[in-house]
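Note sheet for the following structure.
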Amino acid sequence: MPKPKFPYAGDAALKRLLERYRCPAPLHVVRMRFWGEIVSPSLQASPIKTIESFWPNGLPTFEDGEEANAFFQALMSLWNNVARFQDGSPPLKLQKVGKVDTREALACGHQAARRGTP
């Protein structure tokens, strides 16, 4: 069975999705955690488990299956977009992130990154 293809939702749409569902991790942290899972030698890497790890109290609640599908398709579009760099072509370019100017913002990003580490 071929892998489903999800067109990349785009950074702006993904930022809105993460905000809507109150994800404690910003998009750049989510992207890099996906990258870490994709390039990991572990055979246990799972996009769904990685997505779940961003919400410390469990995944958000959805109104219906359609909303849940849209949520997972958008995040899987990011996973697939990051995975295309796995073989080194095209080269991966990191994006500049706005400065983190508070201890709370820095701690939030650090805590989100730590939660996904086994």
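The values are calculated or read from the model by the stated rules, or taken from the named source; none is laboratory data. Bear in mind the structure is a predicted one, so any value in this text is a computation, not a measurement. Cβ atoms come from the backbone with ideal geometry, glycine included; neighbour counts cover every protein chain shown. Surface accessibility is based on the protein's heavy atoms, side chains included, excluding ligands, DNA and RNA. Shrake-Rupley method; radii C 1.70, N 1.55, O 1.52, S 1.80 Å.
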Check: Can you name the residue in segment 33-57 that is surrounded by fewer than 17 Cβ atoms within 10 Å (Cβ to Cβ) and within 18 Å of K5 (Cα to Cα) and, of all such residues, is modelled with the highest pLDDT?
Finding: I48
Notebook entry, point to check: Can we say P60 is open to solvent by 30 Å² or more (accessible area, probe 1.4 Å) and in contact (Cβ under 8 Å) with a residue 24 or more places away in the chain?
Noted result: no
Item checked: Subset of segment 20-32 [under 23 Å from A68 (Cβ atoms) and surrounded by 14 or more Cβ atoms within 10 Å (Cβ to Cβ)] -> Y21, C23, P24, A25, P26, L27, V29, V30, R31
Check: Restricting to segment 45-84, what's the tally of residues that are under 17 Å from C23 (Cα atoms) and basic (K, R)?
Finding: 1
Check: In the set Q86, Q95, which member is modelled with pLDDT under 85, in contact with a helix residue (DSSP H, G or I) (Cβ under 7 Å, 6 or more places away or on another chain), within 18 Å of F6 (Cβ to Cβ) and open to solvent by 60 Å² or more (accessible area, probe 1.4 Å)?
Finding: Q86
Next item on the list: Scan segment 5-15 residue by residue and report those that are over 17 Å from N69 (Cβ atoms) and either crowded, with 18+ Cβ neighbours inside 10 Å or not small (G, A, S) (or both).
Entry: D11, K15
Check: Can you tell me how many residues in segment 1-44 are of a type in the set (K, R), closer than 21 Å to P60 by Cα and in a loop (DSSP other than H, G, I, E, B)?
Finding: 1
Check: Taking segment 1-45, which residues are more than 12 Å from the chain's Cα centre (by Cα), under 15 Å from V82 (Cβ atoms) and aromatic (F, W, Y)?
Finding: F6, Y8
